[in-house]
1. To the nearest 20 Debye, how big is the dipole of segment 133-197 about its Cα centre, given +1 on the beta carbon of each Lys and Arg and -1 on that of each Asp and Glu?
2. Pop the C-beta distance of T191 and N122 into the FRET formula with R0 = 45 Å and round what comes out to the nearest 0.05.
3. Work out, step by step, the length gained on full extension between D44 and F177: first 0.36 nm times the residue separation, then minus their alpha carbon distance; give nm to one decimal.
4. List every residue whose amide H lies under 5 Å from the amide H of C193, counting only residues 5 or more places away in sequence or on a different chain, with H placed 1.01 Å from N in the peptide plane.
Amino acid sequence: MKITLLSILLLSVSCGPRRPGTTGLTGANGLSLVVDVSTLITPDDIICKRTDIYQDLDRNNFYSPSDRYNNGFLICDGKVGATGEQGNDGVQGSQGEQGNQGEQGNQGETGEQGEQGVAGVNGENGLDANVAYQVIEIVDPCGQQHPNGFDEVILKLGNGKYLASFSDNANGKNTRFSILSPGTYSTTDGTNCTFTLT
């Protein structure tokens, strides 16, 4: 509600002597006015500001709620919008430049040499080797005779005996390794060599 005050200005022109003016009317009481601002929260958690303007309708010296005029209005915030969809991943940035190679550190000091360990106990003596059947010589009984150099040979053992590939006849019947007894023998390598063992 707008209140408009109208003032009337009276101008008096007199050509005669000036006389004192008369006392004006006693002023009337104004209208009382109360402004109330409050905050409201709706069930949807929306914040509102309510403004109420209370105007007294009589011209007494105080504001009385029984004879008043109320002019109010409400201003509320909008509802919170739904959460937006997740945005796309950003493009991967360019690879940074390779940093400079660091300086090589100083070589560490050589550590002290460790103490020599205690010598181990000598092991027990091994058993004497049995040299009786060790080959101590390869014997070509007739000397080199085969044209290709593949003469038959016999093996002389550590006990003085001879080991040979022995057959019953020149055709190689019943060939086997055998200790040769003293006697006369013939080779089977085609040279027809005959030799005697004593």
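Every read-out reported here was derived from the displayed coordinates using simple, explicitly stated rules and does not represent laboratory data. A quick note: this is a predicted structure, and the numbers were derived from the prediction, not measured. Glycine also receives a Cβ, built like all others from the backbone with ideal geometry; neighbour counts cover every protein chain displayed.
1. Numbers: 4 positive and 6 negative charges, 48 e Å.
Computed about the Cα centre, the dipole is about 240 debye.
2. 0.25
3. Values: separation 133, 0.36 × 133 = 47.88 nm, distance 11.29 nm.
Fully extending the segment from D44 to F177 adds 36.6 nm.
4. Placed amide hydrogens put T187 under 5 Å from C193.
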